[in-house]
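Below is one structure; the comments refer to it alone.
The values are calculated or read from the model by the stated rules, or taken from the named source; none is laboratory data. Keep in mind the model is a prediction, meaning the values are calculated, not measured. Heads up, the Cβs are rebuilt from the backbone with ideal geometry, glycines too, and the neighbour counts pull from every protein chain shown.
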Amino acid sequence: MNAPAGRRRTGLLIPLFSAPSTTSWGIGDIGDLAPLSTWLADAGCRVLQLLPLNEMAPGLQSPYSALSAMAIDPLFIRLQDVAEFRAAGGERALPCEASRALERVRRSPQVDYPAVRQLKHEALKAAFARFHEDAWSRDSERARQFREFVTRQAWWIEDYALFRAIHAHEGERPWTEWPEPLRRRDPPAIDRVRRELSRDVTYHQYVQWLACSQWQDARAAAAARGVALFGDVPFMVDTDSADVWARQHQFRLDLSLGAPPDAFSAAGQDWGMPVYRWDAIAADDFRWLRDRARRGADLYDGLRVDHLVGFYRTFGRPRDGGEPFFTPEKEADQIALGERILEIFREPGAEIIAEDLGTVPDYVRESLARIGMPGFRVFRWERRWHCAGQPFRDPAAYPAASVAATGTHDTEPMAMWWDRADADERRKVADIPSVQRLDAGMADKGFDSAVRDTLLEVLFASGSDLFIAPIQDVFGWRDRVNEPAIVGDENWTFQLPWPSDRLSDVPDAVERQRFLRGLSERYRRI
């Protein structure tokens, strides 16, 4: 669905992993959506944009690399809210080594994924053992509620839970290294392993029941505060995923998904993921993409479609070193495919915004305008590239059906961009009429609070109905969420400098809250 006409709103991009509270286990969890939503609502912000929460493989920390397009990562479960964990004694009953590990991850200034994952895995296993003994084996009311959840979600959770059970049984090896009958999903082999691993299958279903139950409570609480939760739909999942294992005929495993050269990488990007077989997907009436859209609408009020251009034309690199190419090949087919997929994403009712950044042909934005789909207007890239001097576009002229932004999770923060901008670029920013009205001398300034707030106000005043800023840009921080095309331990580990349940006690956070609310009121975004 589209946002109602004239509904001007402000949103912040805050990765959930970045916002732990004082009681979290070293990572922001589902329970931390409550204090975040309260702070945002008081700041006049009506959208919380999150990064993907899909389950990642052990050892990985990029939210865009997933074992499943449907499952929530158990990392985000709040253990304190799990009945069986509390019944077993909660944190007080943790073994000494686990208690020490918990204190370490709580003190860490960054997310320690391996330690957090191990802690939560052990706690969830103990909670499930209690559930199995007290509820499942006695067919209690709680067991019946769990069974009803599994029945409702059978359309995705059956393949997922079986995949996860086999994956763990095989030492977390990729499915491409499993015994051949399991790789091929031979029915006798699948029936046998389902029986042998039935308890493990039930465990993974139980974990998703906990995550989904907590999520629905958190979403309802955010809605009560007037805050919409927006998710992020990754363009693709890993080869080693339940989705690819269950639908091998719909993916080309001999190709590696990527992006052509762009502002992020002069050589382009190679993500190592498989490429869609669009003909096979279309022959199945896009069922898997319909399922993803349905699941997204079940979890979120709105969805940001990541790497939108890939749904128009997919860039694949042959793994044997051949020449990369786009599929579909012809422009008319690319337009028809992209618009069909966006229609599919809209059907379940979530609001859709399209990340149309990077190397994107002109016809993609023309297509979005034709179907009324908001794309992104990232301030630093919105220039009249074909005009003399390449001046910046005035944000006041951004179309209403667009998302104004200071940056994304992929970009360097606004402070770093301004630090590195040369004199000519700064002058062109200062020449924008909207900037002139606020600070005519900005070109000569280094990045400070005045420059920060001028740039923010210009985008609050923009013509875009939705303005989303990464939390770093609101405060003027230089911390990055991630650096594209770089694999490193620093990516995806950023945390807020204060617990999310203490923001109202921090003078800087209170000042920023008042600033955001003031601009939202001034520019009619409440």
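For segment 476-496, the condition holds for no residue, the condition being that it is of a type in the set (Ser, Thr, Tyr), part of a helix (DSSP H, G or I) and touching a Ser or Thr at 6+ places or on another chain (Cβ under 9 Å). Of all residues in segment 9-59, those that are acidic (Asp, Glu), crowded, with 24+ Cβ neighbours inside 10 Å and part of a helix (DSSP H, G or I) total 1.
Just one of (1) in a loop (DSSP other than H, G, I, E, B); (2) closer than 20 Å to Pro399 by Cα; (3) of a type in the set (Gly, Ala, Ser); (4) at pLDDT 95 or above fails for Gly349. It is (2). The single condition among (1) under 26 Å from Met416 (Cα atoms); (2) not in a loop (DSSP other than H, G, I, E, B) that Arg365 does not satisfy is (1).
For segment 203-238, give me each residue that is hydroxyl-bearing (Ser, Thr, Tyr) and buried (at least 20 other Cβ atoms within 10 Å of the Cβ). Break it down stepwise before answering.
Within segment 203-238, the subset hydroxyl-bearing (Ser, Thr, Tyr) is 203, 206, 213.
Listed by number, the residues that qualify are Tyr203, Tyr206.
For segment 502-525, the count of residues that are within 26 Å of Thr22 (Cβ to Cβ), of a type in the set (D, E, K, R) and either part of a loop (DSSP other than H, G, I, E, B) or within 18 Å of the chain's Cα centre (by Cα) (or both) is zero. Taken over segment 334-364, the criterion of being surrounded by fewer than 18 Cβ atoms within 10 Å (Cβ to Cβ) and among the basic types (Lys, Arg) is satisfied by Arg340 alone. Determine whether Pro188 is part of a helix (DSSP H, G or I) and either of a type in the set (S, T, N, Q) or in contact with a helix residue (DSSP H, G or I) (Cβ under 7 Å, 6 or more places away or on another chain) (or both). Answer is no for this residue.
Please state which one of Pro413, Pro395 is in contact with a strand residue (DSSP E or B) (Cβ under 8 Å, 6 or more places away or on another chain), under 18 Å from Leu51 (Cβ atoms) and not hydroxyl-bearing (Ser, Thr, Tyr).
Pro413
Note on segment 457-495: among residues that are surrounded by fewer than 23 Cβ atoms within 10 Å (Cβ to Cβ) and of a type in the set (A, V, I, L, M), the one that is nearest to Ala19 (Cα to Cα) is Ile471.
Would you point out the residue of segment 255-267, among those that are out of contact with any Phe, Trp or Tyr (no Cβ under 8 Å at 6 or more places or on another chain) and either among the polar types (S, T, N, Q) or surrounded by fewer than 19 Cβ atoms within 10 Å (Cβ to Cβ) (or both), that is nearest to Ala220 (Cα to Cα)? Explain how you work it out, then say what you get.
Our first condition is that a residue be out of contact with any Phe, Trp or Tyr (no Cβ under 8 Å at 6 or more places or on another chain); within segment 255-267, this holds for 255, 261-262, 264-267.
This time we only want the ones that are either among the polar types (S, T, N, Q) or surrounded by fewer than 19 Cβ atoms within 10 Å (Cβ to Cβ) (or both), so: 261-262, 264-267.
Details: Pro261: 42, Asp262: 40, Phe264: 37, Ser265: 40, Ala266: 44, Ala267: 44 Å.
So, considering only residues that are out of contact with any Phe, Trp or Tyr (no Cβ under 8 Å at 6 or more places or on another chain) and either among the polar types (S, T, N, Q) or surrounded by fewer than 19 Cβ atoms within 10 Å (Cβ to Cβ) (or both), the one nearest to Ala220 (Cα to Cα) is Phe264.
Across segment 92-127, the number of residues qualifying as touching a residue at least 12 places away in the same chain (Cβ under 8 Å), farther than 25 Å from Pro15 by Cβ and surrounded by 13 or more Cβ atoms within 10 Å (Cβ to Cβ) comes to 4.
Of the residues that make up segment 463-474, is at least one of a type outside the set (Asp, Glu), in a loop (DSSP other than H, G, I, E, B) and either touching a Ser or Thr at 6+ places or on another chain (Cβ under 9 Å) or at pLDDT 95 or above (or both)?
Filtering segment 463-474 down to residues of a type outside the set (Asp, Glu) leaves 463-464, 466-472, 474.
When the remaining residues are screened for being in a loop (DSSP other than H, G, I, E, B), the result is 463-464.
Imposing the further condition that a residue be either touching a Ser or Thr at 6+ places or on another chain (Cβ under 9 Å) or at pLDDT 95 or above (or both) reduces the set to 463-464.
For segment 463-474, residues of a type outside the set (Asp, Glu), in a loop (DSSP other than H, G, I, E, B) and either touching a Ser or Thr at 6+ places or on another chain (Cβ under 9 Å) or at pLDDT 95 or above (or both): present.
Scanning segment 289-296 turns up no residue that is closer than 27 Å to Gly375 by Cα, modelled with pLDDT under 95, under 22 Å from the mean Cα position of the chain (by Cα) and not in a loop (DSSP other than H, G, I, E, B).
Pull up segment 257-285, narrow it to residues that are among the aliphatic types (A, V, I, L, M) and over 29 Å from Arg380 (Cα atoms), then point me to the one that is farthest from the chain's Cα centre (by Cα).
If we filter segment 257-285 for residues that are among the aliphatic types (A, V, I, L, M), which is where we start, we get 257, 259, 263, 266-267, 273, 275, 280-283.
Applying the additional criterion that residues be over 29 Å from Arg380 (Cα atoms) yields 273, 275, 280-283.
On the way: Met273: 17, Val275: 20, Ala280: 27, Ile281: 24, Ala282: 26, Ala283: 29 Å.
So the residue we want is Ala283.
Output the residues belonging to segment 230-268 that are assigned to a loop (DSSP other than H, G, I, E, B), within 19 Å of Trp278 (Cα to Cα) and hydroxyl-bearing (Ser, Thr, Tyr). Result: Thr239, Ser241. For Gly407, the conditions (1) surrounded by fewer than 17 Cβ atoms within 10 Å (Cβ to Cβ); (2) in a loop (DSSP other than H, G, I, E, B) are fulfilled apart from (1). In the set (1) surrounded by fewer than 21 Cβ atoms within 10 Å (Cβ to Cβ); (2) within 18 Å of Pro52 (Cβ to Cβ), the condition left unmet by Glu331 is number (2).
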